[in-house]
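Enquirer: The structure is given below, and queries will be raised subsequently.
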Amino acid sequence: MKSNHKAALVTGGAKRLGKAICLALAEKGYHIALHYGQSEQEAEETAGLIQRQSVKCTLFKCDLSDMTAVEKLVSRVFQEFPGCSLLINSASVFKRGSFQNTDLAFLEKHLTVNFMAPFLLSQKFAQSCSSGLIVNMLDTKISKHSKHFFAYTLSKKLLHEFTKMAASTLGPAIRVNGICPGIILPSTETSQEALEKMIRKLPVKRKGSPENIIRAVIYLIENEFVTGDCLYVDGGEHL
Ligand SMILES: NC(=O)c1ccc[n+]([C@@H]2O[C@H](COP(=O)([O-])OP(=O)(O)OC[C@H]3O[C@@H](n4cnc5c(N)ncnc54)[C@H](OP(=O)(O)O)[C@@H]3O)[C@@H](O)[C@H]2O)c1
C-alpha cells in the first residue's frame, strides 16, 4: 500500500470515463473514493483494478438525485479518506429531448444529478478540506445550443457558470475547473450514422479517447495557476 495520504472522490467512477479517470489517478498514487449509483458489479471490478496499483479504493453507493444522500456522501468519504483533496464530478444523466419534449420531471432529473449534486458535493468538499481541486466534467455542447439534448445541455451550461463562480469564491484554498469533452465514448443516445457525420465535421476528423481526458485531468492537477478554466477536449467541435 502506498504511504502518501492523497485521495480523490470520483463520482460515476464504475465505468466509462469515470473508471478511466479513477485508474489514472490510482496510477498517480491517489487513494480512490469511488462513487457509483447502480453499477455495483462494474464498481467492484474497477476497485479490483485500482487496488492492483497498491492504493486503497473504497466504494460509495449514492443516488445523486437524492439530496439528503448527497449531503452525507462527502462526510462518509472524509471519514475514510481525511486527506481527500480532489473531487471529480463525472456522474451525469444524458438523455435526448427537445425543448418541446422536456417536461418538468425530465428537466428536474438533469438539473438535480448534473448540477445540484456537483454544487452540493463541491460545497461540502470545500468545507471539509484545507486545500484542493474540483474538476467538473462538462461537455463541448455548452458552446452551442443543442436542440436535441435541451435539458442536458442546460444543466451543463449551469455547471459551467458554477465552475467559474466557485473558482472565484473558493480561492486560494480550492481551485475549480471544468473539462468539456467532445466525442470520446459515445452513448447509445447517438446513432452510429449521426456519429460518423459529426466526426467528419471535426477539424481533427477523428474521435478522442479516454487518454485525452486523463491528460486534461493531470494538467489541471499539476498546473496550480489554473482555476475557473474549462478545457475543451473535443477535436475542435466547439469551433
Ligand atoms: N463520454 C463522452 O464522450 C462524453 C462527452 C461529453 C461529455 N461527457 C461528460 O463526461 C462525464 C463522464 O462521461 P461518461 O460518458 O463516462 O458518463 P455516463 O456513462 O453517461 O455516466 C456516468 C455515470 O453517472 C452515474 N449516474 C447517473 N445518474 C446517477 C444518479 N442518479 N446517481 C448516481 N450516479 C448516477 C452512473 O453511475 P452508475 O452506472 O453507477 O449508476 C453512470 O455510470 C459526464 O459528465 C459526461 O456528461 C462525456
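Any read-out appearing in this document is the output of simple, stated calculations on the displayed coordinates, not a laboratory observation. None of these values were measured; they are calculated from a predicted model. Reconstructed Cβ throughout: ideal geometry from the backbone, glycine too, with neighbour counts over all protein chains shown.
Enquirer: Multiply the residue separation of residue 193 and residue 109 by 0.36 nm, subtract the distance between their alpha-carbon atoms, and state the gained length in nm to one decimal.
Expert: Values: separation 84, 0.36 × 84 = 30.24 nm, distance 2.80 nm.
Result for the pair: 27.4 nm of gain on full extension.
Enquirer: Rounded, prolate or oblate, given the Cα gyration tensor of the range 184-239, with a/c below 1.5 counting as rounded?
Expert: On the way: a/c = 2.82, a/b = 2.18, b/c = 1.29.
Here the range 184-239 falls in the prolate category.
Enquirer: Looking at the chain, which longest stretch skips every one of the GluC sites (Glu not before Pro) that is in a DSSP loop with at most 13 other Cβ atoms within 10 Å, leaving the sites themselves out?
Expert: Values: sites that count: 189, 224.
Looking at the chain, 1-188 is the longest stretch - no exposed GluC sites (Glu not before Pro) with at most 13 other Cβ atoms within 10 Å.
Enquirer: Additional query: Run the Debye formula on the Cα coordinates of the range 120-228, all scatterers equal and no solvent, and tell me log10 I(q)/I(0) at q = 0.17, 0.18, 0.23 1/Å.
Expert: -0.89, -0.97, -1.29
Enquirer: Using Cα centres only, tell me the gap between the range 111-149 and the range 163-239 in whole Å.
Expert: Each part's Cα centre sits 13 Å from the other's.
Enquirer: Can you give the longest run of the chain that contains no chymotrypsin sites (Phe, Trp or Tyr not before Pro) sitting in a DSSP loop with at most 14 other Cβ atoms inside 10 Å? Kindly include the intermediate steps, with their values, before the conclusion.
Expert: Working: sites that count: 99, 225.
Answer from the scan: 100-224.
Enquirer: If you average 1/r over every pair of different alpha-carbon atoms in the range 7-233 and take one over that average, what Kirkwood value in Å do you get? Mind dumping the intermediate values first?
Expert: Numbers: mean 1/r = 0.0564 Å⁻¹.
When all Cα pairs of the range 7-233 are included, the Kirkwood radius is 17.7 Å.
Enquirer: Restricting everything to alpha-carbon atoms, can you work out Rg to Rh for the range 1-41 with a Kirkwood hydrodynamic radius? Kindly include the intermediate steps, with their values, before the conclusion.
Expert: Numbers: Rg = 10.3 Å, Rh = 10.4 Å.
Reported Rg/Rh, Kirkwood definition of Rh: 0.99.
Enquirer: Assuming R0 = 25 Å, what is the FRET efficiency of residue 123 and residue 42, from their Cβ-Cβ distance, to the nearest 0.05?
Expert: Numbers: r = 28 Å, r/R0 = 1.13.
Using R0 = 25 Å, I get an efficiency of 0.35.
Enquirer: Tell me, 116, 198 in order of fewest to most beta-carbon neighbours within 10 Å? Display every interim value, and only then the final one.
Expert: Numbers: 116 19, 198 16.
Listing 116, 198 from fewest to most nearby Cβ atoms yields 198, 116.
Enquirer: Related question: Three principal axis extents, largest first, for the C-alpha atoms of the range 12-143, in Å?
Expert: Principal axes ranked by extent give 50, 30, 28 Å for the Cα atoms.
Enquirer: Same structure again: With θ set to phi - 60° and the Karplus curve 6.51 cos²θ - 1.76 cosθ + 1.60, what are the ³J(HN,Hα) couplings of the range 33-39 in order, to the nearest whole Hz, using x for Gly and Pro?
Expert: 8, 9, 8, 9, x, 9, 7
Enquirer: Restrict the search to the range 135-180; then list the trypsin sites (Lys or Arg not before Pro) that DSSP places in a loop and that have at most 15 other Cβ atoms within 10 Å of their Cβ. Present the calculation step by step, with values, prior to reporting the outcome.
Expert: Numbers: sites: 141, 144, 147, 156, 157, 164, 175; in loops: 144, 147.
In loop regions of the range 135-180 (DSSP not H, G, I, E or B), the sparsely surrounded trypsin sites (Lys or Arg not before Pro) are 144, 147.
Enquirer: With unit charges on the beta carbon (Lys/Arg positive, Asp/Glu negative), name the residue among 37, 21, 115 whose Cα is farthest towards the positive pole of the charge dipole of the range 1-126.
Expert: Ranked along the dipole, the leading option is 21.
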